[in-house]
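What follows is a set of notes on a single structure, which appears directly below.
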């Protein structure tokens, strides 16, 4: 996926629990005056009011690849639809895949990792999750799908913020951050978000894995200034000791070192890790500094599937630091930390 | 083998490239069928270009609009092409260029697959539903998952419907329960052997799967580097030729065990992936198109090659022989096409 990605049709995956506002966001994207044409792949075909020329009903058919790996599931319907859509190349600029509220985003993402024909024509741009500020906290307790969608997200549109108090908003954000501190989070009413914040994100583009910092550590004015409503950075609840939720079963784990890694140790370790723990690891990303290597190495993964490449030369004066992030369920933290330490060049 | 010199091969190959009549379709082509004296180049979208195969002038191309969008599937019996589109329409085109609307999906679902029986029956599918139109009223059958491919058996009115985890053999005119041939994975296109003894599917993964119909014994045909998108039976059905590798893969089907326990033959290896194969209708010869634009004619017996089209262009998207085997039509993905008279 790393090469000539610019000619490939970008695909945005739109997830979110029932009633969070996916259709509202979709209609906002389609109706805005951006001069672009979208092909939209939806479920519940014909039952929701979406005004678009190219709209295709999907069945969310997931099947296991015949490679003995139970988490290697792909969306067969998506393979078929993307194949058919490519006959109409030139009639649209991008594709949006809306999943049902109960869908696991992994098979959609994995379709882009394993299918040769899909990879040739299309690239996964980002997983955008719409969350309901009023009900997400409850759903995170009782609906594993909702948790998956938050954990998997590159962009989270926290919607219906006008229906909750500041305290409730802080709580739901803290819960989201307890699961996934890396996604870009946008607070919205009626999904009013700048399109540039949800489209063309390049979240799966190895060349654009520029930084993997938690979203809330960035400068306060970096995000949310598009939305006119009132909030202050201290509402986040992080860094001020106000609230911190550690989700019982879904967490993120970040590793870093400024000592060079031994590629001959690191690569087998990473391969083995995703092979043995891949069902628990939803997403992984890393920027790596190997000893005797002047290039930055970047990788990303979904469950057991990994892709990686040399990205570019380390710049003069740039700190040669390796950083890895895993988001997953019941991650064996100490095992991962110990394994990572053992890959540092001695 | 001491004199084997790979570099010298290409120069010594027999060539008929100077006998190819170029046809400028000017739009992506996905399949070709002969309708009597005309070659029909089916576009990826909307229209079919009908070319007078006997003539030699460029003026002989006429374009017929059949669909309001992408053309997803086609099948032909030599007198008409039946095709399904993303406009939910199933339409037939004859040699005169006349279009007949056969069916319109009520929900405007994509018509994903179509198959034709020699007695005129048509099978098609939209999503999980398979349809058959014979002499009586239309029959429908809902599959457990989306239909990946359809094929009529050479004898009787029996339809093979490929889907996830296997193939359903459906007898539309009989009350009998359909037969289910199980094999895990996603099955796409499906073909019966001409002698009605074997059934083969091309899977989503780079492999074929086959069954001997008498006892449902499995035949796993794997080892491909890429997905098999093109399958063609040799004249008489002794071999099944396929795309998907850097050579034409030829599975032997002449014995009662088919390819069970046998290695396939690999013909015409190049530094490019075979994208389409089309066996000659009468002789043991096939045409193979490659991802680099090369087209070769290959003799099955000894693998002798004749160059039809040079490399260096878009991948070959379609190949077709006329019924007599005197004409070969081809098209690349970018619409650059041609006709070769033998």
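The numbers here are math on the coordinates, done by the rules we state, and not lab data. Because the structure is a prediction, the values reported are computed rather than measured. Cβ sites come from the backbone with ideal geometry, for glycine too, and all protein chains shown count toward neighbours.
Couple of notes before you dig in:
- Test: residue in the stretch B:140-147 that is out of contact with any helix residue (DSSP H, G or I) (no Cβ under 8 Å at 6 or more places or on another chain) and away from chain A (no Cβ under 14 Å): yes
- Matching entry among B:272, B:254 (being assigned to a loop (DSSP other than H, G, I, E, B) and in contact with a helix residue (DSSP H, G or I) (Cβ under 9 Å, 6 or more places away or on another chain)): B:254
- Close pairs from the stretch B:179-192: first part of a strand (DSSP E or B), partner surrounded by fewer than 16 Cβ atoms within 10 Å (Cβ to Cβ), Cβ under 7 Å, at least 6 apart: B:181/B:216; B:183/B:218; B:192/B:154
- Residues in the stretch B:161-177 that are more than 14 Å from chain A (Cβ to nearest Cβ) and buried (at least 16 other Cβ atoms within 10 Å of the Cβ): B:161, B:167, B:168, B:169, B:170, B:171, B:172.
Conditions (1) assigned to a strand (DSSP E or B); (2) surrounded by fewer than 23 Cβ atoms within 10 Å (Cβ to Cβ); (3) within 14 Å of another protein chain (Cβ to nearest Cβ); (4) out of contact with any strand residue (DSSP E or B) (no Cβ under 7 Å at 6 or more places or on another chain), marked per residue:
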{"position": "B:87", "(1), (2), (3), (4)": "no, yes, yes, no"}
{"position": "B:101", "(1), (2), (3), (4)": "yes, yes, no, no"}
{"position": "B:106", "(1), (2), (3), (4)": "no, yes, yes, yes"}
{"position": "B:109", "(1), (2), (3), (4)": "no, yes, yes, no"}
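- Among the conditions (1) within 12 Å of chain A (Cβ to nearest Cβ); (2) more than 19 Å from residue B:229 (Cβ to Cβ); (3) touching a strand residue (DSSP E or B) at 6+ places or on another chain (Cβ under 6 Å), the only one that residue B:188 does not satisfy is (2).
- If the condition is being in contact with a strand residue (DSSP E or B) (Cβ under 9 Å, 6 or more places away or on another chain) and either more than 10 Å from every other protein chain (Cβ to nearest Cβ) or within 20 Å of residue B:255 (Cβ to Cβ) (or both), then the stretch B:205-221 contributes B:208, B:209, B:210, B:211, B:212, B:213, B:216, B:217, B:218, B:219, B:220, B:221.
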